[in-house]
Amino acid sequence: MGLWGAQGRATWVLAGGVLAAALALGPHPIPELLAIPRAGTESGTAPEPSRAGPGQSAQSRDISREVQGTPENGVIFQKCALVSGQSRSQTIHVHLLVNNTKSPVSANLLDLLVLDDITGLTVRESVGNQTLGGVQTFTKEFLQVGDSYSVSYTASLDPEAFGTGKSLSLPAQLIFQTSSMNRTLLKAHFTITAEEKVTVLPNHGLHAAGFIASFVISFVLSWVALFLLVPGSVFTRHWVQQPESKLEPSPFTAVNGVSEDLSLSDQVIDILMSEDPGSKLQALEELEIATLSRADADLEACRAQISKDIIALLLKNMTSTAHLSPQGERKMGAAFKKQFLLLESEVQEEYDRKMLALTAECDLETRKKTEKQCQREMVAMEEAEELLKRASERSAAECSSLLRTLHGLEQDSLQSSLALHQEQDFAQARRQMAVFQRNELHGIFFSQIQSAVGKGELKPEAAQMLLNNYSQTQENVEELMDFFQATKRYHLSKRFGHREYLVQSLQATETRLQELLSTAANQLTNLIHKHERAGYLDEDQMEMLLERAQTEVFSIKQKLDNDLKQEKKKLHQKLITKRRRELLQKHKEQRKEQLSLGEASSAAEDASQYLGQWKSVLAEHSDVLEELQERLDQAALDDLRTLTVSLSEKATEELRRLQSSAMTQELLKRGVPWLFLQQILEEHSRESSSRASQLEAEERERGQERVQGVRQRLQQDSLEASIEEQAELRRWEHLVFMKLQHTAMSLSERELLRMRQEAHSSFTQMDRSLALPKVRARVLLQQYQTAWREAEFRKVDQALAVPELQSKMKKPRSKSRHKADLLRKSLEDKIRLFEECAPEDLAQKVRGELLRERVQQLEAQEAHFAESLVALQFQKVARAADMLSAYTALLSIQDLLLEELRESETLTKSACTQILEAHGPELQELERKLEDKLSQQEAAEQQQALESWQQWVAEGPGLLNEPGEVGSGRQVSTTLQQALSKSQKLLEHHQHRVREQQQSSAVLEDLLENMETDTLASLCSQETSELVASLGQEAAGRSGEPRTGESALGPSEEGEHIKEGICPYPGEGDVPW
């Protein structure tokens, strides 16, 4: 492990003061300077010393240290200090402590190097070596377990080193080496904060002036308020009229979302500037999900606005063709606006309620799974403790550390899984609300049309025309939204593919620069070692030069880190400002064009022209915005890369100059031959050039691979392929729905309207949202990775169980050691599985699962439509069965009544026969009416087909009217090509005509069924009423005899039920077509 590759092994916090220092130093003697009673308390506050200059005093107000790493190595590194002195001469007493405590994993420390930052201090008494970079060094060759090493020094504090209320950071670093030849770096953060003291002096004159000014201002404001409140004043009238003249909120406000777009765009700069290279791609993926969700919301708002404008445009066209009066248009338009406002409020309330419920549910699920995970960890810890009872302390400590690491990785995996599932639940809820809003918009249109027809505001013929236009327009709307969605998906895929390429390119550049910097640092150390091996330096000289080299390297790298942080901070603000300015300007320009488009919708002649305007404008806006985003991303990367390269190359050049100048002079002073030194320097120069060329070649090669990956991503999200796939899918589903609808033998106008609404509801959710498939893919990939990891865990556990069976015959001590080794091996294997990448075939498996779910979703929509149609047919069959049952019951009653009247000699046999034969003429009349209706319908269909064909011949292919000789081969070929190109139109026209005929036949069949039912019910009801009246008169003449007719009919409630069974079923809200 390199000098800078390892970080510390423990994390500690110390606040300045006697008690905190005593707790940290433990049993070691505390120097007298830390025991001064003037020191601060445990919280870091110190008694007030004498003033240190005008208005401020510098003290150790907030002293903290942090050692990075894990506490198992037993090394504690601390830096404490005490500030004392008068106003002009403040002194700081600094104490550095390295404590190698006794622990199972402690080891002897070698080559200790303490680097103490003394910037802003003037050291008075110290045994350390000072460098030009403001760093003081202390060295110790060996520190055994249980011992400590401490140094102290006194320095003067420069008041100009920091201003009022600011802090002075003086960290210290410890570098040491263990017996395993691994170098470790511990860092103790140390901060001195200046305390500001403000003296308040009363000024009575200033108080008096303030009182007078406040009185005058209050007096003026009071008169202004009274003047505005006077009725009829000019200001009052202007204020009242102002809200009336204010423009209505733009319908495109929800579509723009400028502030959120700018916020999402700023996150790209944050990702590029991030100091954590491992989290950049993960943050970029999170940003992509958020951007896709925002795009879904924009498209949904766009769809809602287009649907509302289409309805208004259809009503305007109905008025222009005299099918709807202007008053009716205004009334229906007002009703639609009211319903739309209610729908928006309902959708928002339902969305808030659903999000709140989902959040509570996810929190509960998180709590349950977290508690379950903690219980599993406790059980695992107990089992490990039981297994390691007889193992050595070192083995037990190692296993405990590995087990805690494994549990931490499992907790991270659990939290990631819970977050992904919560994100999926939210995405699904947003999708459900979007589908709900679309269906409700269709429902509002159909219900308002039914209501208008029922109230007589709209004629049935006009309503039928309006419904047909609406259905045809909705198909165009769905096609337009598919285009918008495919365009947005392609552009966002291209944008984030390019951003991923930029992030990886920046990481490759930073890696190359770090390699060059490390090469230069290693060459400096190798230069000293080569001279030592050649015999020109003794061991003491080598150690002294190595210490100085390490100090200079540390100073240069620390300066590079500080410069990068400061310059990146400046560049970050500059890039954000530039980015926001250009994006905001572009959004304003596009919003103006969209507002003009909204105003032009009222002047559009038809819906096709209006949708065409939307398509051209939004497509152009999307292209321009994506070009701007890509240009800004590239410019940000170029600026950041230029900054990083310049500072890193400067640091590398300083290291090389240190090797060729300062270190060369030191070596020459010690009698090193110039020729030998020159040979090594030339070798290092060639090595640096070769390494730089190699790293650049590798970076170019990886860059080509990344470009190829971006191209493959764009091929998967191809714009043309996506649009064609969605169009083909809609054509197929349209045929399926039409075939299902034509299976119905009879449909009323109301039922046909209901089926049309069901079809619109199914078609409107055939699209794919942008965010949900991406989120679902992440969840599936995480599930497959977890399943793969658990399967590998089971294999590891099985491999652990087999050696345990073989070790039962061993001795107890050997058996315990063997168990500890097996447990450590098992834990290391499981940790390695978390670090390894999952198999590559999981991504293909995810794509297959997404495709299967997509097919299932479409099949579910088809099944839902078929179930609705079947349920409707079952209702019609049930009504017909009820009618036949009631008709059979009435015939039975009629037979009983006639029998009663014949036996009582009220009616003669010939009279009964005459009554029964009276049905003949009426039934013949019904049959004649049905035949006439069929004939009229057939003639109307033939006439309509003839007119349609004549119109098609006049406007369609026109092949028969083309002049020219048929014998010419070239002209025949041209004619055939024209015919083939227009065959699709001819086929679509024929299919449309067939569908219209099938719908007309179904409606006619339903009409005929209703006529038969009405006639039969009327006949049976009329004859039954006459027979009951005759039977009642006959029974009234007989005193004391039972009323057989009334008994046969039963109670009045049952008679009403039979009458309802015969009469047709009036549906609620039926449209009187």
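Considered as a group, the residues in segment 346-381 that are within 24 Å of the chain's Cα centre (by Cα) and of a type in the set (S, T, N, Q) include one that is farthest from MET433 (Cα to Cα), and that residue is THR370. Taking segment 164-187 as the search range and keeping residues that are over 15 Å from LEU112 (Cβ atoms) and open to solvent by less than 30 Å² (accessible area, probe 1.4 Å), which one is modelled with the highest pLDDT? Restricting to residues being over 15 Å from LEU112 (Cβ atoms) and open to solvent by less than 30 Å² (accessible area, probe 1.4 Å), the top hit is PRO171.
Look at HIS498 and say whether it is at pLDDT 90 or above and surrounded by 18 or more Cβ atoms within 10 Å (Cβ to Cβ). Considered against the rule, which asks whether it is at pLDDT 90 or above and surrounded by 18 or more Cβ atoms within 10 Å (Cβ to Cβ), HIS498 comes out as yes. Which numbered condition in (1) in contact (Cβ under 8 Å) with a residue 40 or more places away in the chain; (2) assigned to a helix (DSSP H, G or I); (3) not aromatic (Phe, Trp, Tyr) is the only one that MET542 fails? Going through (1) in contact (Cβ under 8 Å) with a residue 40 or more places away in the chain; (2) assigned to a helix (DSSP H, G or I); (3) not aromatic (Phe, Trp, Tyr) one by one, MET542 breaks only (1). Against the condition assigned to a helix (DSSP H, G or I), among the hydroxyl-bearing types (Ser, Thr, Tyr) and closer than 30 Å to LEU780 by Cα, how does SER413 come out, does it pass? Taking the combined requirement at face value, the residue satisfies it.
When we screen ALA397, ALA380, ALA384, ALA360 for residues that are within 29 Å of LEU780 (Cβ to Cβ) and open to solvent by less than 50 Å² (accessible area, probe 1.4 Å), the only hit is ALA380. None of GLU790, GLU751 is buried (at least 19 other Cβ atoms within 10 Å of the Cβ) and either farther than 30 Å from ARG430 by Cβ or within 26 Å of the chain's Cα centre (by Cα) (or both) except GLU751. Within segment 722-733, if we keep just the residues that are free of Cβ contacts under 8 Å to residues at least 40 places away in the same chain and farther than 22 Å from SER493 by Cα, the residue that is least open to solvent (accessible area, probe 1.4 Å) turns out to be GLU728. Of all the residues in segment 835-877, those that are within 15 Å of TRP788 (Cα to Cα) and among the small types (Gly, Ala, Ser) number 2.
Considering the conditions (1) among the hydroxyl-bearing types (Ser, Thr, Tyr); (2) under 30 Å from GLU835 (Cα atoms); (3) surrounded by 15 or more Cβ atoms within 10 Å (Cβ to Cβ), TYR351 is excluded by exactly one of them, (2). Number of residues in segment 415-457 that are over 24 Å from ASP309 (Cα atoms), within 26 Å of the chain's Cα centre (by Cα) and open to solvent by 30 Å² or more (accessible area, probe 1.4 Å): the value is 9. Evaluating LEU658 against the criteria (1) surrounded by fewer than 16 Cβ atoms within 10 Å (Cβ to Cβ); (2) in contact (Cβ under 8 Å) with a residue 40 or more places away in the chain; (3) closer than 30 Å to LYS568 by Cβ leaves one unmet condition, (1). The set of residues in segment 670-721 that are closer than 30 Å to LEU492 by Cβ, touching a residue at least 24 places away in the same chain (Cβ under 8 Å) and either acidic (Asp, Glu) or outside any helix (DSSP H, G or I) (or both) comprises GLU699, ASP717, SER718.
Does GLN450 meet the test of being out of contact with any Cys (no Cβ under 9 Å at 6 or more places or on another chain) and modelled with pLDDT under 90? For GLN450, the condition - out of contact with any Cys (no Cβ under 9 Å at 6 or more places or on another chain) and modelled with pLDDT under 90 - is met. Checked against (1) surrounded by 17 or more Cβ atoms within 10 Å (Cβ to Cβ); (2) of a type in the set (A, V, I, L, M, F, W, C); (3) over 25 Å from GLN504 (Cα atoms), LEU284 passes all but a single condition, namely (3).
Of the numbered criteria (1) open to solvent by less than 80 Å² (accessible area, probe 1.4 Å); (2) over 30 Å from GLU457 (Cα atoms), the one GLU371 fails is (1).
Output the residue which, of all residues in segment 303-345 that are of a type in the set (Asp, Glu) and over 15 Å from PHE436 (Cα atoms), is farthest from the chain's Cα centre (by Cα). Among residues in segment 303-345 that are of a type in the set (Asp, Glu) and over 15 Å from PHE436 (Cα atoms), the one farthest from the chain's Cα centre (by Cα) is GLU329. No other residue among GLU605, GLU627 is at pLDDT below 90, within 25 Å of ASP482 (Cβ to Cβ) and exposed (fewer than 13 other Cβ atoms within 10 Å of the Cβ) apart from GLU605.
Considering segment 108-128 alone, what residues qualify as being crowded, with 18+ Cβ neighbours inside 10 Å and aliphatic (A, V, I, L, M)? Result: LEU109, LEU112, LEU113, VAL114, LEU115, ILE118, LEU121. Is it true that some residue in segment 506-518 is over 29 Å from the mean Cα position of the chain (by Cα) and of a type in the set (Asp, Glu)? Scanning segment 506-518, I find at least one residue that is over 29 Å from the mean Cα position of the chain (by Cα) and of a type in the set (Asp, Glu), so the answer is yes.
Out of curiosity, is LEU695 in contact with a helix residue (DSSP H, G or I) (Cβ under 9 Å, 6 or more places away or on another chain), at pLDDT 85 or above and over 30 Å from ALA860 (Cβ atoms)? When the stated conditions are applied, LEU695 passes them. Considering each residue of segment 515-522 in turn, at least one proves to be open to solvent by 40 Å² or more (accessible area, probe 1.4 Å), closer than 30 Å to ASP638 by Cβ and in contact (Cβ under 8 Å) with a residue 40 or more places away in the chain.
Among the residues that make up segment 747-755, is at least one of them modelled with pLDDT under 90 and either touching a His at 6+ places or on another chain (Cβ under 6 Å) or within 30 Å of GLU423 (Cβ to Cβ) (or both)? The answer is no; no qualifying residue exists. Out of segment 284-316, which residues are among the charged types (D, E, K, R) and closer than 23 Å to GLN428 by Cα? Residues satisfying the conditions are GLU285, GLU286, GLU288, ARG294, ASP296, ASP298, GLU300, ARG303.
When each of ILE576, ILE556, ILE528 is tested for being farther than 30 Å from ILE118 by Cβ, open to solvent by less than 80 Å² (accessible area, probe 1.4 Å), modelled with pLDDT of 85 or more and among the β-branched types (Val, Ile, Thr), the lone residue that passes is ILE576.
The values are calculated or read from the model by the stated rules, or taken from the named source; none is laboratory data. Just so it is clear, the structure is predicted and the values come from calculations on it, not from any experiment. Here Cβ is always computed from backbone atoms with ideal geometry, including for glycine, and neighbour counts include all displayed protein chains. Ligands, DNA and RNA are stripped out before the accessible areas are found, and what is left, the full protein with its side chains, is counted by its heavy atoms. Shrake-Rupley method; radii C 1.70, N 1.55, O 1.52, S 1.80 Å.
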